[in-house]
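Worksheet: the structure to be examined is printed underneath.
All of the numbers you see were taken from the coordinates with simple rules; none came from a lab. Small disclaimer: the values here were computed from a predicted structure and weren't measured. In this analysis, Cβ positions are derived from the backbone assuming ideal geometry, glycine residues included, and neighbour counts consider all displayed protein chains.
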Amino acid sequence: EPEVTQTPSHQVTQMGQEVILRCVPISNHLYFYWYRQILGQKVEFLVSFYNNEISEKSEIFDDQFSVERPDGSNFTLKIRSTKLEDSAMYFCASRRSALTYEQYFGPGTRLTVT
Amino acid sequence: SQKIEQNSEALNIQEGKTATLTCNYTNYSPAYLQWYRQDPGRGPVFLLLIRENEKEKRKERLKVTFDTTLKQSLFHITASQPADSATYLCALGQAGTALIFGKGTTLSVSS
């Protein structure tokens, strides 16, 4: 069964450094998402991406964040200058089409900012 | 702003019993509601989706109800097993928008 994959599983970085989190969505899916979950808190939406552009973003997704689909398979989230409060699990998700609403999540990348 | 409440942070039941989890929401009119399972350190796994015009959905031992008047969904796991122990997340959405998640209820099934 196709799965969403994410790399790395764990990333440790120093405050102020740039990080890129990578995701490979399910191959025939058209909608892509990034969510984050701070330890012990709820899953929060960051951004959605469709047809090579951002379709929706939350207040969390400020100028420090960017997303890209550099080729036909990868979907990346870049944080330009990390802060301590960016420490969280970051989940990528994909959705098949406009007519289906269930989202399929990857295993997550644990980002630790020191 | 929208608010989603899941009845309790933790629910403990004995194997074989039915677990019932509640999701209440305010200030929102979802087109659908979804339930996900999340194990520690893992991503949410989709379980069931119910649309605003549906009252009930079933899948194997799982049943979801949706009452848009009460703004509530109930999620039932019948004949629960220790392997059902996990955190269950309620999520709301409208067509084409991102999901809004509740904080989850952690279910523990003891043998």
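Remarks
- Cα point-scatterer Debye curve for region B:37-100, base-10 log of I(q)/I(0) at q = 0.24 Å⁻¹: -1.20
- Centre-to-centre, using Cα atoms only, region B:36-101 and region A:41-82 are separated by 25 Å.
- Across peptide A:38-45, the average count of Cβ atoms from other chains found within 10 Å of a residue's Cβ is 4.
- Remark: mean inter-chain Cβ contacts per residue of B:56-67 equal 0, using a 10 Å Cβ-Cβ cutoff to other protein chain atoms.
- Largest-first principal axis extents, alpha carbons of chain A, Å: 40, 27, 27
- Coarse-grained scattering of the protein assembly as shown at q = 0.09, 0.14, 0.16 Å⁻¹, given as base-10 log I(q)/I(0) from a Debye sum over alpha-carbon atoms: -0.37, -0.88, -1.12
- Label sites at residue B:28 and residue B:7, each approximated as a point 7 angstrom past Cα along Cα to Cβ, lie 1.9 nm apart.
- Average partner coverage of A:101-112, which counts Cβ from other chains inside 10 Å: 5
- The dipole here belongs to chain A: it is taken about the Cα centre, uses +1 on the Cβ of Lys and Arg and -1 on the Cβ of Asp and Glu, and is about 160 debye.
- Gyration tensor verdict on region B:25-73 (Cα atoms; rounded if a/c is under 1.5, prolate if a/b is larger than b/c, oblate otherwise): oblate
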